[in-house]
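In what follows, a structure is listed as structure tokens, so that the remarks can point back to it.
The values are calculated or read from the model by the stated rules, or taken from the named source; none is laboratory data. Values in this document were obtained by computation on a predicted structure and should not be read as measured data. Note that we place each Cβ from the backbone using ideal geometry, even for glycine, and neighbour counts take in every protein chain shown. In case anyone asks, the SASA skips ligands and DNA or RNA and just uses the protein heavy atoms, side chains included. Shrake-Rupley method; radii C 1.70, N 1.55, O 1.52, S 1.80 Å.
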Amino acid sequence: MGNTEPRRHFFDLKIPLGSLLGFYGLLLLVYGIFGPSDIYDKSAHLDVNAIWGVLMIVLSSAFLLSAYRGRKAKK
Amino acid sequence: MKPVISLNFIDYMILGAYVLITIVVGYALKKYMKTSEDFFLSGRSLPSWITSLAFLSANLGALEVIGMVANSAKYGILTVHFYWIGAIPAMIFLGLFMMPFYYSTKVRSVPEYLKHRYNEATRGLNAVSFAIMTLLMSGISMYAMALLFELTLGWSLTSSILLSALVVLIYVFFGGLSSSIYNEVIQFFLIWLGLLPVVYIGLHAVGGFEGLVSRIPPSFMHVWQHMGSASDNPMGVDWLGMVLGLGFVLSFGYWTTDFLVVQRAMASEDLSAARRTPLMASFPKMLVPIIVVIPGLLAVALLPQFKVVPGGPTPDYNSALILMFAHYLPNGILGLAITGLLASFMSGMAGNVTAFNTVWTYDIYGSYIKKNMPDGHYLKMGKYATVFGVIFSIGTAYIVQSFPNLMDYMQLIFTFFNAPLFATFLLGMFWKKTTPWGGFWGLLIGISTAAFHYLMYQMHFIHYPSEMAANFYQAWWAWCADFVFTIIISLFTKRKEESELVGLVYGLTPKAHSGDSLFRKPAFWGVLSLVVMVVLNIIFW
């Protein structure tokens, strides 16, 4: 940061955030694939649970990966 | 009335996981809370990506989300004025010009700045009115949220109120502002991820963006074209009222002086990060209409009860978002959407609570009740203030339940205080001849002008095409009164020594030279943000 003063950081927020989104992603993906399919009549026949599940897993991986790299860089 | 939404076990698992993680985050931060600055200002240690998302999230409360979807169903795309002209210029101004005075002087709150720049009386006026307003506000939004959940989910009012208040209390109690900010970032993502599916499915169902345009009134799709005169657009506001009232006074008053948002930037790790906080936040801010304006437009296009029929009954616009959820979201994603709403509610409430406990502890308790106590005493007081702040909010929620009309009055009264304050800051920061008593009396006259204008309007001495126009012009005149009288009174009262104003006023403060690279330079982000905003306004002209 070009800052001479050392800063004390809290734990990395990306870890709880990534974990929560990952949990949601898996839950929605599994429910979207194995759950009832008639509930998608209302959502214009899109299996949004599976779609959103995949999206959230991708997002979660990005957060967790970046947290992991940050930690490695520190060491 | 039968609830329109029924959740199943998947939905409840999603809600439960959210509640759990907020508490875990709060608890995990507990061990870092050693001094009062850790608790109230996150030890000024957070990177700008975190503070800027929190900056945005604290403002994106549930009332805001529900209300703006309702506005979009009622007025169409005109609602983006609240996000573009009504926020972006003010956020840029805060980041580029005002943040150095807040951050470099190491003041701990907005009222504390007023004390240094003006005097104790000005600080007291601002601190007390702000503390009361934040608690009332958090009670009002708690009630509105609980009412919505009662009608749509069938949850009892008391269980919604207690659940949400308790969760916020726990995480703020343990981790203070840091906990509030960390959770606001999580909430930011949940609000987006929870609201986007209804946009996606809705646009799919209506046949894409063109399908949407073909099914709503043409005036719903233009931002400026129908602003020439108040009678041409559904809001009943002309362009001048929009620019002066909303774009200038209300927006600058809120974004640059409201401690609720400014506190997030003050928690940044250094001045450059503090300045970038509102600037970086301005980009997602410009995109918020995707999740609030489009659902409102989709409700008009897709749901028969929102079709505008001349002479027909007025639709209940506040239910637009929930009805879209009920019609288009299957279980699973539905739970995520409700979690997003709950998250937006909690972020708004925690924002209020953390701003309150700081102003109470530093500016009221520490200044008038018990001065010069050891730091640990104030840390403890901050925790107590969190508890009684939440209890007071719950009380307000129940009072509003018995007198629902109070809600409108209170929200209105808040505008009396917010609008003129920006004049006091503007003169204080940029004109060194502004005197302490000039600031105090100017502010008081500004507030009184707003109240007087409101009375005149209520008694039909002044007329406006719409309630909203009255509001915007009221803000404008209150600002003018504050501005003019602060100057006049300053000419006749005693000034502060220039040496006392170093760091507080433009021109008496050495310019901070930042050796930052281009992408860390606040000016770069400010200019870019302004350009994007102008382009957006032209595209949707």
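Carbon and sulfur together cover what percent of the accessible area of the protein assembly as shown at a 1.4 Å probe radius? Carbon and sulfur: 69 percent of the exposed surface of the protein assembly as shown. Ignoring ligands, DNA and RNA, how much accessible area is buried between chains B and A, both sides summed, with a 1.4 Å probe, to the nearest 100 Å²? Buried area (both sides, nearest 100 Å²): 3600 Å². Taking label positions 7 Å along the Cα-Cβ direction at both B:Thr158 and B:Ser219, the computed distance is 4.7 nm, reported to one decimal.
Placing +1 on the Cβ of every Lys and Arg and -1 on the Cβ of every Asp and Glu, with no other charges, gives segment A:9-75 a dipole of roughly 720 debye about its Cα centre. Between segment B:473-541 and segment B:238-253, the C-alpha centres lie 16 angstrom from each other.
Comparing each chain alone with all protein chains together (probe 1.4 Å, DNA, RNA and ligands left out), the residues of segment A:34-58 losing at least 40 Å² of accessible area are A:Lys42, A:Ala44, A:Leu46, A:Val48, A:Trp52.
Under conditions of 20 °C and 1.002 mPa s, segment B:243-326 yields 134 µm² s⁻¹ as its translational diffusion coefficient, taking Rh as the Kirkwood radius over Cα pairs in the Stokes-Einstein equation. With bins 10 Å wide beginning at 0, the percent of Cα pairs of segment B:428-534 falling in each bin runs 13, 25, 24, 27, 10, 1.
The alpha-carbon of B:Lys496 sits under 20 angstrom from the alpha-carbons of these aspartates and glutamates, leaving out residues fewer than 8 places away in its chain: B:Glu112, B:Glu120, B:Asp482. For a straight C-alpha distance cut-off of 28 angstrom, the lysines reachable from B:Lys383 (same-chain residues fewer than eight places away being disregarded) are A:Lys14, B:Lys30, B:Lys31, B:Lys34, B:Lys106, B:Lys115, B:Lys370, B:Lys371.
Residues of segment B:320-348 whose accessible area (probe 1.4 Å, heavy atoms of protein chains only) drops by at least 30 Å² once all protein chains are present, relative to their chain alone: B:Pro330, B:Asn331, B:Ile333, B:Leu336. Each of B:Ile66, A:Met56, B:Gly175 was scored by the projection of its Cα onto the charge dipole of the protein assembly as shown, and the greatest displacement toward the positive side belongs to B:Gly175; charges sit on the C-beta of Lys, Arg, Asp and Glu. Annotation: per residue accessible area for chain B equals 36 Å², rounded to a whole number [probe 1.4 Å, protein chains only].
Take chain A with all the other protein chains still there, run a 1.4 Å probe, and you get 60 Å² of accessible area per residue.
Derived scalar couplings between HN and Hα for segment A:55-67 equal 4, 6, 5, 4, 4, 4, 4, 4, 5, 5, 4, 5, 5 Hz in order, rounded to whole Hz, by the Karplus curve 6.51 cos²θ - 1.76 cosθ + 1.60 (θ = phi - 60°), x for Gly and Pro.
Each Lys and Arg adds +1 at its Cβ and each Asp and Glu adds -1 at its Cβ; summed about the Cα centre, the protein assembly as shown shows a dipole of about 1880 debye. Placing unit charges on each Cβ (+1 for Lys and Arg, -1 for Asp and Glu) gives the protein assembly as shown a dipole about its Cα centre, and among B:His377, B:Phe306, B:Val400 the Cα reaching farthest toward its positive end belongs to B:His377. Its Cα centre serving as origin, chain B has a Cβ charge dipole (Lys and Arg +1, Asp and Glu -1) of approximately 1080 debye. For the pair B:Val535 and B:Val128 in one chain, pulling the backbone fully straight at 0.36 nm per residue adds 142.4 nm over the alpha carbon distance.
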